[in-house]
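Chemist: This is the structure I want to talk about, given as structure tokens.
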Amino acid sequence: MDPSYVQAVIETERQNLQVALWALAIFMAAVVGHRVVFKGWQPRTEMGLLTRERLRYLSLPLLVLLPLWWVTVRLPQLFFLSAELFLAVCLFGLALIIEPVRLRVAKKYMLTSWLFPVLVYAGPVTVFLFSVTEAPSLSGASGYALGTVLVVFFFLHVVYLYLFKWAQLRHPLGEVLRKRLGRWVYLGVLGATFYFAAVRPQVVDLPPSWLAILAGLLVLLAVLVVSEAIIATVFDFYFPVVKRSEIPTFFRDLVRGLVFIGLFLGFMGLVLKRDLNSLLVGSAVITVSIGFALQETLGNFFAGLALRLSRPYALGDDVLVGQVSGRVDKIDWRQTSLLTFTGDHVNLPNSLVAKEGITNYSSPSRLHARDLRIGLHYRHPPNQVMDVIKGVLAEVEEVRKVPAPEVHLLDFQDSAVLYRIRMWIEDYPNRWNIETKVRSGLWYAFRRERLEIPYPTRTVVNAPTAQEYVYGNESDPQVLPFLSHVDFLEALGPESLEILARSARFRLFAAGEKVCRQGDSGDSFYIIRSGRVGVEIRDAQGEVFLRHEMSKGNYFGEMALLTGEPRSATVYAITDSELLMVEKEGLRDVMVANAQVEEVISKVLARRQLRTEKAREEAEGTRVSKEEHAAGPAGRLEQISEQLLRKIQAFFSY
Ligand code: CMP
């Protein structure tokens, strides 16, 4: 070998090492300086803290760029270093790769701590020594070159350690990138060092085609690192941290899969210079066979994709799929897993999920209606039952006030009146507890209110006559005691009461129901046993000009009955009301026999008519005529009473 060439190589390597050592020194100084500045600088204001963090991240690349700038300015021939680097890096890389294995194996086979490293490293060390002695003429250059490679590797390694292990990253994105990129970047560190060594022709004469492949692989690795960084930023930072929405892992797997396929094609096409067309065609056969084999998996995959696009549910939603209900625990490219409300995990293949109907209890709203059915005894008025049920529902806090719960009378069944409760809840998984609260609340309330949930019973009743069918039992035993307590009938003797009782029936009216309508003809009279009724009179234009309320013991319907005129007012139940209805004939018989009753009733009637008159005048704003005015209210009442009495006598013609 030409001694001047050897001398030149040695000189170059010596310079390389010098430059590398300087670069390392600059790098270390920059790292130390960086730490000193940013640790020592403790701003007090929020703005200052923010500025420091920004500058800290922004200045990080400088730590690397400074020494690199130093090197490139001085060594344009940077890439022609000795091949000894190759062996050195191999040794180093090998050590790093096998170290964890070594520890495990040593433990397993109880090898003493020194014996195993000797066995492991003996081979590469021998090769290294052999290669160095093989090229004695370049051994001087090899020494420098080895030093340079070590320096380069040390530099890259420290950069890696600093970025991925030591530096305190306070930003969540930093943590994410660290976790996802670490292994790829370290592979890059090893790869770059390896390439750095391999391009040296002195010892290992790698053919240019191999070098090109190596370079191509490094470029692809760089692309991979960038893609991984983007994927990690999008899927591990942007959506979960910034947007606070979970992205199913299978979506990330899909994107990564595409990136890997792209990189593989890039490697085949750009690095190995294969014809991609033939590659794709050739692989078509394989693809078809694999496709058949993976038919189901692919079906699940595309079903998963479709589910993702239509988004019928998201992670954490409570759903019912087919027969299985539970909380969506995981969605990946093959299956959806549900954590059932009984604590089991059920994995449903996506194709099955796509085929089954999906009920989502959480989205678009967590509102969910529950229906409860309950049967009550026939004797209880529906309005009372519904009021009690609504009272119970209002007490259970898990039952939403809006939309308000509803109670429906659903059916008249063999032994019970069936009600349905429709209530809205938000906590679907807790539905049984909520229903239990409601049901037990109902039990207590029914008990308090003496409402009975009947046993299935069958009552055999003889078919009623038409008369009985309409009015109920002929001799209601409760009518007589009630009549004897009505004040205006006090003067009646037992026989008269008996007569009256025979033509009287209790009738129950629901709140809001009309008992009689203004203008209708009427031949019954009512005494209020329980509840409240309202009286309403309208003028010719249909405007209400009088409203009056009556309760227990009051009576109404006497006007039409006694005078034969149409009903003077509309009377309706304000609450559920039980009324004793007396028919015209009954009252007439009693009045014929008892002049006092007639008098009392006609007085009340007169007062009412006077009230109506006044209200009408007030509404119309008319003045009472002078003579009426002169007579005074008492006189007017007398007047009306007399008129009425005459009317009554004429109507009853006695
Ligand atoms: P009648 O006309 O048969 O039907 C409607 C009933 O309403 C009437 O009998 C009275 O009993 C009652 N009524 C009419 N006007 C009044 C009033 N001003 N005050 C109280 N009750 C009334």
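The values are calculated or read from the model by the stated rules, or taken from the named source; none is laboratory data. Treat the numbers as computed from the prediction; the structure is a model and nothing was measured. Every residue, glycine among them, receives a Cβ derived from its backbone with ideal geometry; neighbour counts consider all protein chains shown. Protein only, heavy atoms only, side chains kept; ligands, DNA and RNA dropped before computing areas. Shrake-Rupley method; radii C 1.70, N 1.55, O 1.52, S 1.80 Å.
Chemist: State yes or no: is Leu451 modelled with pLDDT of 85 or more and either closer than 17 Å to Lys584 by Cβ or assigned to a helix (DSSP H, G or I) (or both)?
Modeler: For Leu451, the condition - modelled with pLDDT of 85 or more and either closer than 17 Å to Lys584 by Cβ or assigned to a helix (DSSP H, G or I) (or both) - is not met.
Chemist: Do you know which residues across the stretch 5-49 are open to solvent by less than 30 Å² (accessible area, probe 1.4 Å) and not in a helix (DSSP H, G or I)?
Modeler: Listed by number, the list holds a single entry, Pro43.
Chemist: Hey, can you tell me all the residues within the stretch 600-623 that are within 12 Å of the ligand (Cβ to nearest atom), open to solvent by 50 Å² or more (accessible area, probe 1.4 Å) and of a type outside the set (Asp, Glu)?
Modeler: Those that are within 12 Å of the ligand (Cβ to nearest atom), open to solvent by 50 Å² or more (accessible area, probe 1.4 Å) and of a type outside the set (Asp, Glu): Arg607, Gln609, Arg611, Lys614, Arg616.
Chemist: Restricting to the stretch 317-334, give me the number of residues that are open to solvent by 40 Å² or more (accessible area, probe 1.4 Å) and assigned to a strand (DSSP E or B).
Modeler: Number of matching residues: 4.
Chemist: Scanning the stretch 561-570 for residues that are touching a residue at least 40 places away in the same chain (Cβ under 8 Å) and of a type in the set (A, V, I, L, M, F, W, C), which turns out nearest to the ligand (Cβ to nearest atom)?
Modeler: Selected residue: Ala569.
Chemist: Can you find a residue in the stretch 538-552 that is within 10 Å of the ligand (Cβ to nearest atom) and either within 22 Å of Ile648 (Cα to Cα) or of a type in the set (Asp, Glu) (or both)?
Modeler: yes
Chemist: Being more than 15 Å from the ligand (Cβ to nearest atom) and either of a type in the set (A, V, I, L, M) or closer than 19 Å to Ala510 by Cα (or both): is that true of Ala573 here? Can you show your working first?
Modeler: Values: more than 15 Å from the ligand (Cβ to nearest atom): no; either of a type in the set (A, V, I, L, M) or closer than 19 Å to Ala510 by Cα (or both): yes.
Criteria not met by Ala573.
Chemist: Pick from the stretch 413-426 the residues that are open to solvent by 60 Å² or more (accessible area, probe 1.4 Å) and at pLDDT 95 or above: which of them is nearest to Ile453 (Cα to Cα)?
Modeler: The extreme case among them is Arg422.
Chemist: Scan the stretch 505-525 residue by residue and report those that are open to solvent by less than 80 Å² (accessible area, probe 1.4 Å) and within 16 Å of the ligand (Cβ to nearest atom).
Modeler: Within the stretch 505-525, Arg507, Phe509, Val515, Cys516, Gln518, Gly519, Asp520, Gly522, Ser524, Phe525 qualify.
Chemist: Which residue out of Leu169, Leu187 is under 48 Å from the mean Cα position of the chain (by Cα) and modelled with pLDDT of 80 or more?
Modeler: Leu187
Chemist: Please indicate, with yes or no, whether at least one residue in the stretch 571-582 is among the hydroxyl-bearing types (Ser, Thr, Tyr), open to solvent by less than 50 Å² (accessible area, probe 1.4 Å) and modelled with pLDDT under 85.
Modeler: no
Chemist: Counting only residues that are in a loop (DSSP other than H, G, I, E, B) and among the hydroxyl-bearing types (Ser, Thr, Tyr), which one in the stretch 544-570 is surrounded by the most Cβ atoms within 10 Å (Cβ to Cβ)?
Modeler: Ser568
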